[in-house]
Amino acid sequence: GASGGMFDFPSGALEKPASVTEEQWSFLVSKDAPIDESASAVADILKACAGEIAKDKAAKEVQRLRSELGQDTCIVCILGGTKFQEADSEELVKAIAPKLEAAAGSTVTFVTGGMPGVQEAFAKHCGDGSRVWNLVPVGKSSGYGNGRDIHAGTNSEDAKTIFGLLGDIYVTVEGGPEVSQEVCVAFERGAKVVPLMRTGGASAGKFGFPTEALQEPCFSTREQWSLLKTDSEPEEKSAVAAVAILEKLIRSRLPKHMKDPASKGVSSVSSRQPMTEFKAEFEAEEAVEVYSAKFKSWTSTRVRRFDPKTGRYDLDAARDVCQEHIRRKGAFDPTDSGWTQPGDAYKAKAIEAKKEAETSQTSPAQPPPGRKSTFQVGDVVEGWSNDKSKWIEGVIQKVDIEKGTYDLDRVRGLTWSEVRVLKK
């Protein structure tokens, strides 16, 4: 009948939507498909369509809020658990909030989700609250008594979706699965994330928190990033490091006319000192590879331009890319070697090689003949875990050329031969 295309049924409605898989659509088309499976496919398609509609509504709400704030405003979102798990985490938030409010100019707005815990502590200690917005569903209130409540979405899920699409920068403290989900959405669309890793939970990489967001970025020094990780230093030092990172990052996200303190009638981010310029690691026209968080793979491309003020690159394949997501083309692929095969034989060789590296007193451990270290900090690889007797996925945190070892986020001190290209 009409549902099969008869009686001038619109032909466009018979075409498979982009959000529907070929398999799902086939269950609707084929008369031979089992009824139960066709019914299940219909339910899945309707759910997917509802999700797309919700995203469209959220996008319109984000556009409305952006217009209200001003398109040139840099939005810093605060994310964290609804209850502090560690006392020093609360002290850290209380130390960061006033410092960040003082360092950031009037072109910056801080947004919370109106929840208790981390967001409430930040809002209540962020100056007079004039630049704090608390995003809550229609009819709800944050109850903070500081900052302005803004309403978007009809329920908490709607508000969370909008929150994940609104910010330019996300600061995370502790947190569980929901924090990780919101960060994944934000990070996937290109928002920057500054995780206070020392606080644990999602911010330390748990619950599916994006691994790439834990890597040392181009807008931070190594010392600053390490202060976000370690809980052995006073909260005050970590707070100062976090604010320095955010101040530089905020400046890089503002329109050009707002970065120049000489611009008349425009408030810039702190103009106490000129911003330090970054040094280019890659030259214009150089052939490189860029990492795609979406596809979890490296793609060949070429450098077009480097911005020394932000430390970011424009490539043929992408724009505004951080240095840690770029590596030189032609990196060594160790998958063609017998050393990359797991199992007892490999494990014995790996243990032996690692022992030699640790006990050698005459010279630093060197790569096997004909090899050199071509993995770089930030590369997603597989490393051999002696404890688990298997390959595990990880991100390279440190390369020690003298010792011939790599430190991954999940295992440290691996020799060249104990690290290989990530298997897809």
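The values are calculated or read from the model by the stated rules, or taken from the named source; none is laboratory data. From a predicted model like this one, the values you see are computed outputs, not experimental measurements. Cβ coordinates were reconstructed from backbone atoms using ideal geometry, including for glycine residues, and neighbour counts include every protein chain displayed. To get the accessible areas, we keep the full protein, side chains included, count just its heavy atoms, and leave off ligands, DNA and RNA. Shrake-Rupley method; radii C 1.70, N 1.55, O 1.52, S 1.80 Å.
Look through Gln215, Gln224 and report the one residue that is within 18 Å of Cys322 (Cβ to Cβ), polar (S, T, N, Q) and within 15 Å of the chain's Cα centre (by Cα).
After applying the criteria, what remains is Gln215.
Name the residue, out of Asp36, Asp56, that is over 30 Å from the mean Cα position of the chain (by Cα) and open to solvent by 70 Å² or more (accessible area, probe 1.4 Å).
Asp36
Only one of Gly190, Gly117 is within 26 Å of Ala244 (Cβ to Cβ), at pLDDT 90 or above and open to solvent by 10 Å² or more (accessible area, probe 1.4 Å); which?
The conditions single out Gly117.
Going by the conditions given, is Ala50 among the small types (Gly, Ala, Ser), more than 15 Å from Ala121 (Cβ to Cβ) and surrounded by fewer than 13 Cβ atoms within 10 Å (Cβ to Cβ)?
Answer is yes for this residue.
Which numbered condition trips up Phe84, out of (1) part of a loop (DSSP other than H, G, I, E, B); (2) modelled with pLDDT of 80 or more; (3) open to solvent by 50 Å² or more (accessible area, probe 1.4 Å)?
Answer for Phe84: the failing condition is (3).
Out of (1) within 16 Å of Ala103 (Cα to Cα); (2) in a loop (DSSP other than H, G, I, E, B); (3) not small (Gly, Ala, Ser), the odd one out for Glu233 is which?
Result: Glu233 passes all but (1).
Could you check how many residues of region 375-391 are within 27 Å of Val288 (Cβ to Cβ) and either without any contact (Cβ under 8 Å) to a residue 12 or more places away in the chain or open to solvent by 20 Å² or more (accessible area, probe 1.4 Å) (or both)?
4
Pick from region 392-411 the residues that are of a type outside the set (Val, Ile, Thr) and crowded, with 20+ Cβ neighbours inside 10 Å: which of them is farthest from the chain's Cα centre (by Cα)?
Gly404
Scan region 87-114 residue by residue and report those that are modelled with pLDDT under 90, assigned to a loop (DSSP other than H, G, I, E, B) and open to solvent by less than 20 Å² (accessible area, probe 1.4 Å).
Passing the criteria: Ala104, Gly105, Thr107.
Taking only pairs six or more apart or across chains, which ones have beta-carbon atoms under 6 Å, a first residue in region 27-41 that is part of a helix (DSSP H, G or I) and at pLDDT 75 or above, and a second residue that is surrounded by fewer than 10 Cβ atoms within 10 Å (Cβ to Cβ) and aromatic (Phe, Trp, Tyr)?
Note: no pairs meet the criteria.
Which residue is modelled with the lowest pLDDT, if the candidates are limited to region 268-298 and must be open to solvent by 60 Å² or more (accessible area, probe 1.4 Å) and farther than 30 Å from Ser106 by Cβ?
Lys294
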